[in-house]
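K.L.:
I am attaching a structure below and will ask some questions about it afterwards.
The values are calculated or read from the model by the stated rules, or taken from the named source; none is laboratory data. Here the structure is a predicted model, which is why all the values come from computation and not from measurement. To get the accessible areas, we keep the full protein, side chains included, count just its heavy atoms, and leave off ligands, DNA and RNA. Shrake-Rupley method; radii C 1.70, N 1.55, O 1.52, S 1.80 Å.
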Amino acid sequence: TLAGGIAHDFNNILGIITVNTELAINDIPEDEQIHENLEEIMKACLRARDMVKQILAFSRKDNARIAPVMITPLVKESVKLFRSSLVDNIKIIQDIHSEKDIVMADPTQIHQVLMNLYNNAAYALRETGGVITVASENIDLLEGQIAQYPGLSPGKYLRLSVSDTGQGIQPDILDRIFEPYFTTKKIGEGTGMGLAIAHGIVKNHGGAIIVESEPGKGSCFTVKL
(Lines give C-alpha, C1' and ligand atoms only; values in the text may rest on other atoms or scores of the structure.)
Protein backbone atom coordinates (compact mmCIF):
# COMPACT_ATOMS: atom_id res chain seq x y z
CA THR A 1 0.00 0.00 0.00
CA LEU A 2 2.86 2.36 0.91
CA ALA A 3 4.69 1.61 -2.36
CA GLY A 4 1.54 2.24 -4.36
CA GLY A 5 0.83 5.54 -2.60
CA ILE A 6 4.36 6.86 -3.09
CA ALA A 7 4.39 5.78 -6.74
CA HIS A 8 1.08 7.52 -7.38
CA ASP A 9 2.32 10.80 -5.86
CA PHE A 10 5.63 10.56 -7.70
CA ASN A 11 3.78 9.96 -10.95
CA ASN A 12 2.05 13.33 -10.53
CA ILE A 13 5.39 15.09 -10.01
CA LEU A 14 6.86 13.25 -12.98
CA GLY A 15 3.98 14.43 -15.15
CA ILE A 16 4.84 18.06 -14.40
CA ILE A 17 8.52 17.48 -15.26
CA THR A 18 7.62 15.68 -18.50
CA VAL A 19 5.14 18.32 -19.72
CA ASN A 20 7.47 21.24 -19.01
CA THR A 21 10.43 19.45 -20.59
CA GLU A 22 8.38 18.85 -23.72
CA LEU A 23 7.36 22.53 -23.84
CA ALA A 24 11.00 23.58 -23.46
CA ILE A 25 12.09 21.20 -26.25
CA ASN A 26 9.57 22.81 -28.59
CA ASP A 27 11.01 26.27 -27.84
CA ILE A 28 14.69 25.37 -28.43
CA PRO A 29 16.21 25.01 -31.94
CA GLU A 30 17.32 21.43 -32.66
CA ASP A 31 20.90 22.44 -33.45
CA GLU A 32 21.57 23.75 -29.93
CA GLN A 33 23.20 21.57 -27.26
CA ILE A 34 20.46 22.30 -24.73
CA HIS A 35 17.93 20.69 -27.10
CA GLU A 36 19.87 17.40 -26.90
CA ASN A 37 20.13 17.75 -23.11
CA LEU A 38 16.37 18.22 -22.84
CA GLU A 39 15.78 15.16 -25.00
CA GLU A 40 17.93 13.12 -22.58
CA ILE A 41 15.78 14.43 -19.70
CA MET A 42 12.67 13.37 -21.62
CA LYS A 43 14.07 9.86 -22.16
CA ALA A 44 14.81 9.60 -18.46
CA CYS A 45 11.29 10.82 -17.62
CA LEU A 46 9.72 8.19 -19.85
CA ARG A 47 11.89 5.47 -18.33
CA ALA A 48 10.97 6.68 -14.84
CA ARG A 49 7.31 6.61 -15.85
CA ASP A 50 7.68 2.96 -16.82
CA MET A 51 9.40 2.21 -13.50
CA VAL A 52 6.56 3.88 -11.62
CA LYS A 53 4.17 1.61 -13.50
CA GLN A 54 6.20 -1.36 -12.32
CA ILE A 55 5.98 -0.18 -8.69
CA LEU A 56 2.23 0.23 -9.06
CA ALA A 57 2.03 -3.23 -10.62
CA PHE A 58 4.13 -4.60 -7.75
CA SER A 59 1.81 -3.03 -5.18
CA ARG A 60 -1.11 -4.75 -6.92
CA LYS A 61 0.92 -7.97 -7.23
CA ASP A 62 0.50 -8.00 -11.01
CA ASN A 63 2.75 -10.21 -13.11
CA ALA A 64 5.66 -8.77 -15.09
CA ARG A 65 5.02 -8.15 -18.79
CA ILE A 66 7.17 -11.02 -20.06
CA ALA A 67 7.88 -11.11 -23.81
CA PRO A 68 10.82 -11.89 -26.14
CA VAL A 69 13.33 -9.05 -25.67
CA MET A 70 16.62 -8.25 -27.43
CA ILE A 71 18.99 -7.53 -24.57
CA THR A 72 21.88 -5.88 -26.47
CA PRO A 73 19.94 -2.70 -27.46
CA LEU A 74 18.58 -2.53 -23.91
CA VAL A 75 22.10 -2.71 -22.45
CA LYS A 76 23.40 -0.04 -24.83
CA GLU A 77 20.51 2.29 -23.99
CA SER A 78 21.04 1.82 -20.25
CA VAL A 79 24.79 2.48 -20.57
CA LYS A 80 24.17 5.65 -22.55
CA LEU A 81 21.66 6.87 -19.98
CA PHE A 82 23.91 6.08 -17.02
CA ARG A 83 27.09 7.45 -18.60
CA SER A 84 25.58 10.96 -18.59
CA SER A 85 25.43 10.87 -14.79
CA LEU A 86 28.99 9.65 -14.15
CA VAL A 87 31.74 11.82 -12.73
CA ASP A 88 34.93 12.26 -14.77
CA ASN A 89 37.04 9.72 -12.86
CA ILE A 90 34.66 6.81 -13.56
CA LYS A 91 34.35 5.18 -16.98
CA ILE A 92 31.78 2.63 -18.13
CA ILE A 93 32.62 0.34 -21.03
CA GLN A 94 30.75 -2.37 -22.91
CA ASP A 95 32.04 -5.85 -23.68
CA ILE A 96 29.19 -7.42 -25.66
CA HIS A 97 29.81 -10.91 -27.07
CA SER A 98 26.32 -12.43 -27.14
CA GLU A 99 25.34 -13.39 -30.68
CA LYS A 100 21.95 -14.64 -29.50
CA ASP A 101 20.48 -12.07 -27.13
CA ILE A 102 16.73 -12.68 -27.12
CA VAL A 103 15.36 -13.67 -23.72
CA MET A 104 11.92 -13.86 -22.18
CA ALA A 105 11.80 -10.78 -19.98
CA ASP A 106 10.13 -7.51 -19.03
CA PRO A 107 12.42 -4.84 -20.57
CA THR A 108 11.58 -2.18 -17.96
CA GLN A 109 12.43 -4.51 -15.11
CA ILE A 110 15.69 -5.68 -16.71
CA HIS A 111 16.61 -2.02 -17.25
CA GLN A 112 15.92 -1.46 -13.55
CA VAL A 113 18.24 -4.35 -12.65
CA LEU A 114 21.04 -2.89 -14.78
CA MET A 115 20.65 0.63 -13.38
CA ASN A 116 20.75 -0.71 -9.82
CA LEU A 117 23.94 -2.65 -10.59
CA TYR A 118 25.50 0.40 -12.26
CA ASN A 119 24.66 2.58 -9.28
CA ASN A 120 26.14 0.01 -6.92
CA ALA A 121 29.36 -0.12 -8.96
CA ALA A 122 29.59 3.67 -9.22
CA TYR A 123 29.23 3.99 -5.44
CA ALA A 124 32.13 1.59 -4.98
CA LEU A 125 34.25 3.87 -7.19
CA ARG A 126 33.06 7.20 -5.82
CA GLU A 127 36.36 8.05 -4.08
CA THR A 128 39.02 6.25 -6.09
CA GLY A 129 37.52 6.36 -9.58
CA GLY A 130 37.92 3.41 -11.94
CA VAL A 131 36.13 1.37 -14.56
CA ILE A 132 32.71 -0.27 -14.72
CA THR A 133 32.47 -3.04 -17.31
CA VAL A 134 29.14 -4.28 -18.67
CA ALA A 135 29.47 -7.60 -20.48
CA SER A 136 27.23 -10.19 -22.07
CA GLU A 137 27.82 -13.60 -23.59
CA ASN A 138 26.00 -16.82 -24.41
CA ILE A 139 26.76 -19.80 -22.20
CA ASP A 140 25.70 -23.41 -21.78
CA LEU A 141 25.01 -24.46 -18.20
CA LEU A 142 25.78 -28.16 -17.82
CA GLU A 143 24.35 -30.56 -15.25
CA GLY A 144 27.43 -30.32 -13.06
CA GLN A 145 27.42 -26.51 -13.06
CA ILE A 146 23.92 -25.69 -11.80
CA ALA A 147 24.49 -26.52 -8.13
CA GLN A 148 25.51 -22.91 -7.41
CA TYR A 149 22.39 -21.59 -9.19
CA PRO A 150 19.33 -22.86 -7.28
CA GLY A 151 16.25 -23.10 -9.46
CA LEU A 152 18.06 -23.19 -12.80
CA SER A 153 18.02 -26.13 -15.18
CA PRO A 154 20.78 -27.13 -17.60
CA GLY A 155 20.55 -25.32 -20.92
CA LYS A 156 21.42 -22.20 -22.87
CA TYR A 157 21.58 -18.88 -21.03
CA LEU A 158 22.50 -15.26 -21.58
CA ARG A 159 25.01 -14.07 -19.00
CA LEU A 160 25.03 -10.36 -18.13
CA SER A 161 27.71 -9.04 -15.81
CA VAL A 162 28.48 -5.68 -14.24
CA SER A 163 31.94 -5.46 -12.69
CA ASP A 164 33.94 -2.68 -11.10
CA THR A 165 37.56 -2.04 -10.14
CA GLY A 166 36.69 -0.87 -6.63
CA GLN A 167 37.85 -2.09 -3.24
CA GLY A 168 35.59 -5.12 -3.26
CA ILE A 169 33.19 -6.42 -0.62
CA GLN A 170 34.25 -7.76 2.76
CA PRO A 171 33.67 -11.55 3.08
CA ASP A 172 31.63 -11.16 6.27
CA ILE A 173 28.89 -9.18 4.48
CA LEU A 174 29.00 -10.90 1.09
CA ASP A 175 26.18 -13.30 2.02
CA ARG A 176 23.93 -10.41 3.09
CA ILE A 177 24.40 -8.24 0.00
CA PHE A 178 20.94 -9.01 -1.45
CA GLU A 179 19.02 -8.59 1.82
CA PRO A 180 16.35 -5.85 1.82
CA TYR A 181 17.45 -2.75 3.73
CA PHE A 182 20.98 -4.06 4.25
CA THR A 183 23.43 -1.33 3.27
CA THR A 184 26.95 -0.18 4.08
CA LYS A 185 26.17 3.35 2.89
CA LYS A 186 25.87 6.30 5.22
CA ILE A 187 22.44 7.55 6.28
CA GLY A 188 20.88 9.46 3.41
CA GLU A 189 23.06 7.82 0.75
CA GLY A 190 21.01 4.71 0.12
CA THR A 191 18.07 2.60 1.23
CA GLY A 192 19.54 -0.87 0.90
CA MET A 193 16.80 -1.82 -1.55
CA GLY A 194 18.64 -1.62 -4.91
CA LEU A 195 20.27 -5.05 -4.90
CA ALA A 196 17.25 -6.62 -3.18
CA ILE A 197 15.00 -5.36 -5.98
CA ALA A 198 17.48 -6.59 -8.61
CA HIS A 199 17.56 -10.01 -6.94
CA GLY A 200 13.76 -10.22 -6.79
CA ILE A 201 13.32 -9.25 -10.44
CA VAL A 202 15.88 -11.76 -11.67
CA LYS A 203 14.38 -14.57 -9.57
CA ASN A 204 10.88 -13.71 -10.85
CA HIS A 205 12.26 -14.05 -14.39
CA GLY A 206 13.40 -17.59 -13.61
CA GLY A 207 17.04 -16.50 -13.64
CA ALA A 208 19.86 -16.24 -11.14
CA ILE A 209 22.08 -13.45 -9.84
CA ILE A 210 25.31 -13.92 -7.91
CA VAL A 211 28.15 -11.72 -6.70
CA GLU A 212 31.86 -12.48 -6.68
CA SER A 213 34.22 -10.17 -4.85
CA GLU A 214 37.53 -10.02 -3.04
CA PRO A 215 38.79 -7.11 -0.95
CA GLY A 216 41.05 -4.95 -3.11
CA LYS A 217 40.07 -6.74 -6.32
CA GLY A 218 36.69 -5.26 -7.19
CA SER A 219 33.30 -6.92 -7.53
CA CYS A 220 31.35 -8.64 -10.28
CA PHE A 221 27.57 -9.14 -10.30
CA THR A 222 26.44 -11.79 -12.76
CA VAL A 223 22.87 -12.32 -14.03
CA LYS A 224 21.86 -15.44 -15.92
CA LEU A 225 18.65 -15.38 -17.97
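K.L.:
Is any helix in the chain, taking whole DSSP H runs, at least 30 angstrom long along its axis by alpha carbon and on average at least 0.0 on the Kyte-Doolittle scale, and which ones? Don't skip to the answer; put the middle values down first.
P.N.:
Values: long enough: 2-27 (38 Å, 0.62); 33-59 (39 Å, -0.06).
Helices passing the filter in the chain: 2-27.
K.L.:
To the nearest 10 square angstrom, how much accessible area does Met104 have with a 1.4 angstrom probe?
P.N.:
That residue has around 110 Å² of solvent-accessible surface.
K.L.:
Picking from Ala208, Ala147, Ala44, which is most flexible by a Gaussian network model of the chain using Cα springs under 10 Å?
P.N.:
Ala147
K.L.:
Out of the DSSP beta bridges found with both residues in the chain, what percent are antiparallel (nearest 5)? Don't skip to the end; give the middle numbers.
P.N.:
Details: 26 of 33 bridges.
Around 80 percent of the beta bridges assigned by DSSP in the chain are antiparallel ones.
K.L.:
With springs connecting C-alpha atoms under 10 Å apart, model the chain as a Gaussian network and identify which of Ile139, Ile41, Ile13 has the largest mean-square fluctuation.
P.N.:
Of Ile139, Ile41, Ile13, the most mobile in the Gaussian network model is Ile13.
K.L.:
Only Cα pairs within less than 10 Å get springs; with that Gaussian network setup on the chain, which residue of Ile28, Ile66, Ile210 has the largest fluctuation?
P.N.:
Top of the fluctuation ranking is Ile28.
K.L.:
Would you count, across the chain, every pair of lysines whose alpha carbons are under 19 angstrom apart, provided the pair is eight or more residues apart or spans two chains?
P.N.:
15
K.L.:
Ignoring everything except DSSP H segments at least 4 long, calculate the 222 nm mean residue ellipticity for the chain; use -39,500 (n - 2.57) per segment, divide by total residues, nearest 500.
P.N.:
-14500 deg cm²/dmol
K.L.:
Sorted by accessible area with a 1.4 angstrom probe, largest first, how do Arg159, Arg176 fall? Please report the intermediate quantities before stating the final value.
P.N.:
Details: Arg159 75, Arg176 105 Å².
The ranking, largest first, comes out as Arg176, Arg159.
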